[in-house]
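This report concerns only the one structure given below.
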Amino acid sequence: MVNDALGLKADQTTTMLLRAAAVSHGSAWVASVDALTLSEAGRVDCQAREVHPAETTAIVRDLPNLDAEPRSVESFDVVMLRTNPGRDGRGWAHATALSLLRLVRDRGSLVLSDPDGLRRASSKLYLAEFPADLTPRTLVTRDIARMRAFMASVAGPCVLKPLDGTHGRDVFQVDPAQGQNINQIWDVLHRQGYVMIQEFIPEATEGDVRLLLLHGELIELDGGVAAVHRVPGGADFRSNVSAGGRAVAADVTPALRRVAAETGPLLRRDGIFLAGLDVIGHKIVEVNVYSPGGFQDAEVFEGVDFSRFVMDEVARMRAGGTP
């Protein structure tokens, strides 16, 4: 289940996983998040397109030509959520999907990740549940006076961003000592809801590392680790690829392994099947639980088919295996 079945791109992790599922099982189905129905009989249905084994470029090319067919969601072996509520502004669709898929889960179907866990982890506030020494000093508020007091206590640059956001949009680095237009930045963010203010981590100039975790553990296969180092582009401190950053091979240090090990129990508690941790230095700045990307670059750098590995684990769980 994705935001928009016809909006997939060939290089996206979601499309790579869809291809791996089709290759493993002969076919796989894809549905948009707004294509669900709760029938009079209480059955959860959807309009879905059947995808057969092919390269991701062919899958994306052929999707518009495939008919969307009515299917009972409970008839599928597994339902994998690869949605991103922060990307399309349709919170109503994503909230309803989680509620309907909870029904599907409670009737015995395997839903990955767990709908209740996704709801709990759906905000950047999820960071507050992680060990304090693994996260930057953070304030979430709509009170500009509280924001100013926090920034004064940090005595250095801070990062301001919307609590609900993605792709590095409306993320600002602010140094009060340099007299930037803090009021104007605040107005931009305040209009969007709650504002998150974090201390600036000096290592951010070197970029961040996206660690990909399965069942709360680093994905490792044939000596390769599913991780990507994202380097800022030019003078921009943001390392998001969509903001001009670029991906290079990651050096997964003992400090990064410690971050993964200490956050794993929380992810397992909440039934988060696949997660991406964005780490600067040894501080987690983002937790991606809906549709973490990075597989294409990780597979190129490590020479490992991580997508197939993930779908093999899905099949194992469907057969009754425990996480």
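When 120, 146, 191, 210 are checked against the criterion of being in the same structural domain as residue 274 (by TED's automatic domain parsing) and at negative phi, a single residue qualifies: 210.
Considering only residues that are within 17 Å of residue 276 (Cα to Cα) and at pLDDT 55 or above, look in the range 229-240 and name the one that is surrounded by the fewest Cβ atoms within 10 Å (Cβ to Cβ). Result: 231.
Taking the range 142-230 and the strands (runs of 3 or more DSSP E) fully enclosed by it, the elements with 3 or more residues that are free of Cβ contacts under 8 Å to residues at least 60 places away in the same chain and either in contact with a strand residue (DSSP E or B) (Cβ under 9 Å, 6 or more places away or on another chain) or closer than 30 Å to residue 303 by Cα (or both) are at 158-162.
The rows are residues; the columns are (1) buried (at least 21 other Cβ atoms within 10 Å of the Cβ); (2) under 24 Å from residue 169 (Cβ atoms).
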{"position": "254", "(1), (2)": "no, no"}
{"position": "269", "(1), (2)": "no, no"}
{"position": "274", "(1), (2)": "yes, yes"}
{"position": "281", "(1), (2)": "no, yes"}
{"position": "296", "(1), (2)": "no, yes"}
{"position": "300", "(1), (2)": "no, no"}
{"position": "305", "(1), (2)": "no, no"}
{"position": "315", "(1), (2)": "no, no"}
{"position": "322", "(1), (2)": "no, no"}
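Checking each residue in the range 52-84 for being of a type outside the set (S, T, N, Q), more than 23 Å from the chain's Cα centre (by Cα) and in a strand (DSSP E or B) picks out 69, 70, 71.
Restricting attention to the range 164-183, does a residue exist that is in the same structural domain as residue 262 (by TED's automatic domain parsing), over 24 Å from residue 120 (Cα atoms) and at pLDDT below 85?
Among the residues of the range 164-183, not one is in the same structural domain as residue 262 (by TED's automatic domain parsing), over 24 Å from residue 120 (Cα atoms) and at pLDDT below 85, which makes the answer no.
If only residues of the range 85-130 that are small (Gly, Ala, Ser) and part of a loop (DSSP other than H, G, I, E, B) are counted, the one that is nearest to residue 159 (Cα to Cα) is 123. When residue 123 is tested against the conditions (1) within 16 Å of residue 275 (Cβ to Cβ); (2) touching a residue at least 60 places away in the same chain (Cβ under 8 Å), the lone failure is (2). Scanning the range 131-156 for residues that are closer than 9 Å to residue 199 by Cα and among the β-branched types (Val, Ile, Thr) yields a count of 2. Can you name the residue in the range 289-322 that is more than 20 Å from the chain's Cα centre (by Cα) and outside any helix (DSSP H, G or I) and, of all such residues, is nearest to residue 122 (Cα to Cα)? The extreme case among them is 322.
Against the condition outside any loop (DSSP other than H, G, I, E, B), surrounded by fewer than 20 Cβ atoms within 10 Å (Cβ to Cβ) and of a type in the set (Val, Ile, Thr), how does residue 14 come out, does it pass?
Here the answer is no, as residue 14 does not meet what is asked.
Residue 228: under 30 Å from residue 306 (Cα atoms) and among the aliphatic types (A, V, I, L, M), yes or no?
Spelling it out, residue 228 is indeed under 30 Å from residue 306 (Cα atoms) and among the aliphatic types (A, V, I, L, M).
I'd like to check something: does the range 48-67 contain any residue that is in contact (Cβ under 8 Å) with a residue 12 or more places away in the chain, farther than 23 Å from residue 268 by Cβ and small (Gly, Ala, Ser)? Yes, the conditions are met somewhere in the range 48-67.
Taken over the range 243-268, the criterion of being part of a loop (DSSP other than H, G, I, E, B) and either of a type in the set (Ser, Thr, Tyr) or within 16 Å of the chain's Cα centre (by Cα) (or both) is satisfied by 253 alone.
The values are calculated or read from the model by the stated rules, or taken from the named source; none is laboratory data. Everything quoted here is computed from the prediction, not taken from an experiment. For neighbour counting, all protein chains shown are included, and Cβ atoms are generated from backbone atoms with ideal geometry for every residue, glycine included.
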